[in-house]
Amino acid sequence: MTRVWSVFLASLVAAVILAVAGRAATPAGLRSPVSDRASFGQARQSAGGATAACDPDNGGITLPAGFCAAVVADNLGPARHLVAAPNGDVFVSVNNGGRGTPGGVVALRDTDGDGKFDKRERFGETGATGIALRNGYLYLATPNSVLRYPMKPGDLTPSGLPETVVDGLPGLRQHEDKGIAFDGRGGLYVNVGAPSNACQQPDRRPNVPGQDPCPLLEKHGGIWRFDENKLGQKQEDGRRYATGMRQMVGLTWHDNMLWAVMHNRDSLDTLWPGKFTAEQNAEWPAEYLVRAADGSNFGWPYCFYNNSEGKLVTNPEYGGDGKKTDRCGAFTPPTVAFPGHWAPNDVLFYTGTQFPPKYRGGAFVAFHGSWNRAPLPMAGYNITFVPFAGGKPSGKYEVFADGFAGKTPIMNPRDAASRPGGLAIAPDGSLLVTEDMKGKTWRILSR
């Protein structure tokens, strides 16, 4: 009996030593990474040390092998862009959208460690899109302004009233939403979309030629650079950095370059009946990913990139037939040309390490989905990935996450269950995605 008791005590002491060693190896306040599969999905350590579990159906979306997803927030309203804080909190911009939901910001926190956001706070009232955390401030872009809220580390709500960085920006209907990006050298970049399809007057009327030169380009259709540290700026205090872009609400600064995604023109067939078919309208006018260098001109409204021809061609408002190039050789073509009317709303270069090496340094693009492809089915409603190497695309783009629309085919965008709008990287390297029909937010994890 004495020998048995001695063996028991020795085993107990060994177990205690192992437990203490294991605790010492795990940083205070963090759980050890979970690698086994839970019965309801793949579990991972997520932002802030929480353990995230994927939904059995990936929250209704489809992903490549090796990935899974969970809906981590819902019913936020018309959610647009978002940003993740170092502690795992997430701030989502919300558009007014005419749906009875106030705009502003929804701040999200996971308090119970299940990887989903169970606490939310709202602040601000004006509908917004662009959002960023920088140097103790949360920056927010409304259709007419860029505001900044003072934020203390770890807080979900501002510590003071917002300050106005830029005010009086053009915000006419059609493309009034603003995105923002920072170059890390004091530069704040803001898009000013064009309130027009192709600079017709009146707009969107059959057989009406475009204004030449287009007067809208003086204050619209481009990206302006401002001083991020100066308050009370007006548009004339900034500098037009790039032009010839219809709407480019998705902006990001990556690898010392400004990148943007652009919505292209609509209605080739209905505005120029007998000259273009519905199929040509659906497929020809490419959506863009562009590197917006200082002084770039991408050719709107005079030219569009024809996916069929593989080049910039003259818009019919300026005498084009879908093949003529005329003045288009003077403009910068897109870095990547996507299918027509997919409607890119955000772009993000993946700088995390959770995803496999293939994705590191590549660009994810959130496509809001089309409305102008009838009578063909609508398209887009996905997250697309573009591989990059050496500062340029290294392969063909591919759809990474799909199924947001909820059904196939979809003939009317109002029938879509979800329409992607924003992208962010969480501290653990997972990818966060918003949509603006109901305000779902997904976390996508590598298994």
- Item | Criterion violated by E163 - all others in (1) closer than 16 Å to Q233 by Cα; (2) buried (at least 17 other Cβ atoms within 10 Å of the Cβ); (3) of a type in the set (D, E) satisfied | (2)
- Task: Please work out if L216 is surrounded by 14 or more Cβ atoms within 10 Å (Cβ to Cβ), at pLDDT 95 or above and more than 22 Å from the chain's Cα centre (by Cα).
- Result: yes
- First in the stretch 180-192 and farther than 16 Å from L133 by Cβ, second anywhere and part of a strand (DSSP E or B) and of a type in the set (D, E), Cβ under 7 Å, 6 or more apart: G186/D227
- Task: Kindly establish whether F338 is touching a residue at least 40 places away in the same chain (Cβ under 8 Å), over 22 Å from G210 (Cα atoms), of a type outside the set (K, R) and in contact with an Asp or Glu (Cβ under 6 Å, 6 or more places away or on another chain).
- Result: yes
- Counting only residues that are buried (at least 21 other Cβ atoms within 10 Å of the Cβ), assigned to a strand (DSSP E or B), at pLDDT below 95 and not charged (D, E, K, R), how many does the stretch 44-90 have? 2
- Kindly establish whether S370 is within 17 Å of the chain's Cα centre (by Cα) and under 24 Å from S267 (Cα atoms). yes
- Message: Based on this model, can you work out whether Y350 counts as crowded, with 21+ Cβ neighbours inside 10 Å, farther than 21 Å from T270 by Cβ, within 19 Å of the chain's Cα centre (by Cα) and not charged (D, E, K, R)?
- Response: yes
- Yes/no for A194 being modelled with pLDDT of 95 or more, crowded, with 19+ Cβ neighbours inside 10 Å and assigned to a loop (DSSP other than H, G, I, E, B): yes
- Message: So D114 passes all but one of these: (1) surrounded by fewer than 20 Cβ atoms within 10 Å (Cβ to Cβ); (2) among the acidic types (D, E); (3) part of a loop (DSSP other than H, G, I, E, B); (4) modelled with pLDDT of 95 or more. Which condition number does it fail?
- Response: (4)
- Note on the structure: Out of (1) within 19 Å of L258 (Cα to Cα); (2) charged (D, E, K, R); (3) touching a strand residue (DSSP E or B) at 6+ places or on another chain (Cβ under 8 Å), the one E163 does not meet is (1)
- Of the residues in the stretch 165-191, how many are in a loop (DSSP other than H, G, I, E, B) and over 24 Å from R291 (Cβ atoms)? 8
- Which one of these is of a type in the set (G, A, S) and out of contact with any helix residue (DSSP H, G or I) (no Cβ under 6 Å at 6 or more places or on another chain): G154, G88? G154
- What number of residues within the stretch 117-127 satisfy the criterion of being modelled with pLDDT under 95 and either aromatic (F, W, Y) or under 18 Å from the mean Cα position of the chain (by Cα) (or both)? 1
- Message: Restricting to the stretch 420-445, name every residue that is in contact with a helix residue (DSSP H, G or I) (Cβ under 8 Å, 6 or more places away or on another chain), of a type outside the set (A, V, I, L, M, F, W, C) and surrounded by 22 or more Cβ atoms within 10 Å (Cβ to Cβ).
- Response: D428, S430, K440
- Taking the stretch 191-222 only, how many residues are in contact with a strand residue (DSSP E or B) (Cβ under 8 Å, 6 or more places away or on another chain) and on the phi > 0 side of the Ramachandran plot? 2
- All but one of (1) surrounded by 16 or more Cβ atoms within 10 Å (Cβ to Cβ); (2) aliphatic (A, V, I, L, M); (3) over 19 Å from the mean Cα position of the chain (by Cα) hold for V336; which doesn't? (3)
- Message: Could you tell me how many of the residues in the stretch 420-447 are assigned to a loop (DSSP other than H, G, I, E, B) and farther than 8 Å from A79 by Cβ?
- Response: 8
- Query: Does G100 meet the test of being at pLDDT 95 or above and not in a strand (DSSP E or B)?
  - Reply: no
- Is it true that some residue in the stretch 143-164 is within 30 Å of A69 (Cα to Cα), part of a loop (DSSP other than H, G, I, E, B) and among the acidic types (D, E)? yes
- Scanning the stretch 224-241 for residues that are in contact with a Phe, Trp or Tyr (Cβ under 9 Å, 6 or more places away or on another chain) and under 16 Å from F182 (Cβ atoms) gives W224, R225, F226, E228, Q233, G238, R239, Y241
- Of the candidates N264, N281, N306, N315, the one satisfying the condition of being under 27 Å from I383 (Cβ atoms), more than 22 Å from the chain's Cα centre (by Cα) and in contact (Cβ under 8 Å) with a residue 60 or more places away in the chain is N281
- Item | Evaluation of G380 against (1) in contact with a helix residue (DSSP H, G or I) (Cβ under 6 Å, 6 or more places away or on another chain); (2) buried (at least 24 other Cβ atoms within 10 Å of the Cβ); (3) not in a strand (DSSP E or B) (one fails), failing number | (1)
- Within the stretch 384-402, is there a residue that is closer than 28 Å to K116 by Cβ, surrounded by fewer than 24 Cβ atoms within 10 Å (Cβ to Cβ) and of a type in the set (K, R)? no
- Message: Here is a check on your reading of the model: is F117 touching a residue at least 60 places away in the same chain (Cβ under 8 Å) and among the aromatic types (F, W, Y)?
- Response: yes
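The values are calculated or read from the model by the stated rules, or taken from the named source; none is laboratory data. In this text the structure is predicted, and so the values were computed from the model without any measurement. Note: ideal-geometry Cβ built from the backbone for every residue, glycine included; neighbour counts use all protein chains shown.
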